[in-house]
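The values are calculated or read from the model by the stated rules, or taken from the named source; none is laboratory data. Since this is a predicted model, take the numbers as computed values, not measurements. Counting neighbours? That spans all protein chains shown, and the Cβs are built from the backbone with ideal geometry, glycine included.
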Amino acid sequence: MSLSRVKWSRVRFRDLESIGNYDSPDAQLGARERTMRSRWEDIMCFIESDRLWPPVATVHHKFDPAFREVLARLPQRAFDSVLFRISFIVEDPSIGMLAVNVPAPVCADSRHGIDTIVFYHTSWKLSQGALVGLVAHEIAHSFVRGKDYRDDERRVTAKVCSWGFGKELAVLRAEKLAMVQHKRPNRPTKRKRPTSPKTETVT
Ligand SMILES: [Zn+2]
């Protein structure tokens, strides 16, 4: 199957979506359609993954279509690079994100890059002690690997306490709780993530 059968610059996401949603099994599709369905599946998997945080499909109604459109139209080599080398974070003030630890993508040769930790302006509302707890917490995410989000958080807590930041972590917990209690009641619905996010929110 030749990837050159598809002129990606002329493709639109809606074209991929209609082929992706066909009932026909792959075997009944031509090479061009199979290539397009494969691109659609890759895009949908990417959007569901931790490489894009928070999940755009549920939160970023405006960003989501633009993001899908670009991924649909990128040349194949550029698209492959995005899959293996780039993570995306979109700030959504309604979630009240404090910080996120973005895991390094695994390259084709299995080498890991470096994690990136982003602190949001919401975290400036914390006291100095709580902020110390938050920084330690986010760094600890780079040192543990749990089976899911809850397991990740448990391991992070243990790691942070073993480093001697237990007191600051308790301050952080108390201040996060206070922030949640002051938030408006109509919080966005959160969808279960397929893998473990490393994000601290006040929600
Ligand atoms: Zn965490």
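Annotations for the structure displayed:
- Qualifying residue in the stretch 174-186 (condition: of a type in the set (D, E, K, R), in contact with a Leu (Cβ under 9 Å, 6 or more places away or on another chain), at pLDDT below 95 and in the same structural domain as residue 119 (by TED's automatic domain parsing)): yes
- Residue in the stretch 149-169 that is of a type in the set (D, E, K, R) and over 24 Å from the mean Cα position of the chain (by Cα) present: yes
- Scan the stretch 118-135 for residues that are away from the ligand (no atom under 11 Å from the Cβ), closer than 12 Å to residue 101 by Cα and of a type outside the set (Ser, Thr, Tyr) and the total you get is 3.
- Filtering the stretch 85-134 to residues that are in contact (Cβ under 8 Å) with a residue 24 or more places away in the chain and among the acidic types (Asp, Glu) leaves 91, 92, 115.
- Filter result for the condition that a residue is surrounded by fewer than 19 Cβ atoms within 10 Å (Cβ to Cβ), within 16 Å of the ligand (Cβ to nearest atom) and under 20 Å from the mean Cα position of the chain (by Cα), over 85, 145: 145
- The residues of the stretch 90-116 that are surrounded by 15 or more Cβ atoms within 10 Å (Cβ to Cβ) and within 16 Å of the ligand (Cβ to nearest atom), listed by number, are 95, 96, 97, 98, 99, 100, 101, 102, 103, 115.
Results for (1) within 10 Å of the ligand (Cβ to nearest atom); (2) modelled with pLDDT of 85 or more; (3) more than 29 Å from residue 49 (Cα to Cα), shown as yes or no for each residue.
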| residue | (1), (2), (3) |
| --- | --- |
| 165 | no, yes, yes |
| 188 | no, no, no |
| 192 | no, no, no |
| 201 | yes, no, no |
